Amino acid sequence: MTRIAPPPRGLPAWQEIPLGGIVAGPGNSHEYLTGSWRTRRPIHDPGKCTSCMICWLFCPDSAILVEEERVVGIDTGHCKGCGICARECPIEGAMVMAEGGSY
Ligand code: SF4
Ligand code: SF4
């Protein structure tokens, strides 16, 4: 029989640690601001953008802001800076990644 070693002195036992990674309800991801995770940031150029919506389609965080069928910017509260939008954008310079997480 395998014995579980006791936790080091001063640390809680595994039974005392709160459960994590639980999605308590549907559609609540907008309540969790994840933009501070970013180390790089997308820069959108509305002068070059054709609003083809490819970046909107690919963004895993639904962070591409759209108004009246036009891309109008980035939701900085949720964009994690993955760079997929810039990678998939077919128009040179319309969406590029820059160093630094904040705007
Ligand atoms: S993929 Fe590029 S051109 Fe298309 S909507 Fe996004 S930024 Fe604009
Ligand atoms: S960098 Fe990633 S998370 Fe941020 S807008 Fe582009 S695709 Fe979405």
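Each reported figure results from applying straightforward, stated rules to the coordinates on display, with no laboratory input. Everything quoted here is computed from the prediction, not taken from an experiment. Note that we place each Cβ from the backbone using ideal geometry, even for glycine, and neighbour counts take in every protein chain shown.
Descriptive notes on the structure:
- Selection within the range 87-98 - near ligand 2 (Cβ under 10 Å from one of its atoms) and either without any contact (Cβ under 8 Å) to a residue 24 or more places away in the chain or surrounded by fewer than 18 Cβ atoms within 10 Å (Cβ to Cβ) (or both): Arg87, Glu88, Met97
- Residue match in the range 24-39 (condition: in contact (Cβ under 8 Å) with a residue 24 or more places away in the chain and touching a Cys at 6+ places or on another chain (Cβ under 7 Å)): yes
- Scanning the range 54-63 turns up one or more residues that are surrounded by 11 or more Cβ atoms within 10 Å (Cβ to Cβ), among the acidic types (Asp, Glu) and more than 9 Å from ligand 1 (Cβ to nearest atom).
- A residue that is within 8 Å of ligand 2 (Cβ to nearest atom), touching a helix residue (DSSP H, G or I) at 6+ places or on another chain (Cβ under 9 Å), of a type in the set (Gly, Ala, Ser) and in contact (Cβ under 8 Å) with a residue 40 or more places away in the chain occurs nowhere in the range 55-72.
- Taken together, Gly77, Gly81, Gly101 contain a single residue that is more than 11 Å from the chain's Cα centre (by Cα), more than 10 Å from ligand 1 (Cβ to nearest atom) and of a type outside the set (A, V, I, L, M), which is Gly101.
- Cys55 meets each of the listed conditions (1) more than 30 Å from Pro7 (Cβ to Cβ); (2) out of contact with any strand residue (DSSP E or B) (no Cβ under 6 Å at 6 or more places or on another chain) apart from (2).
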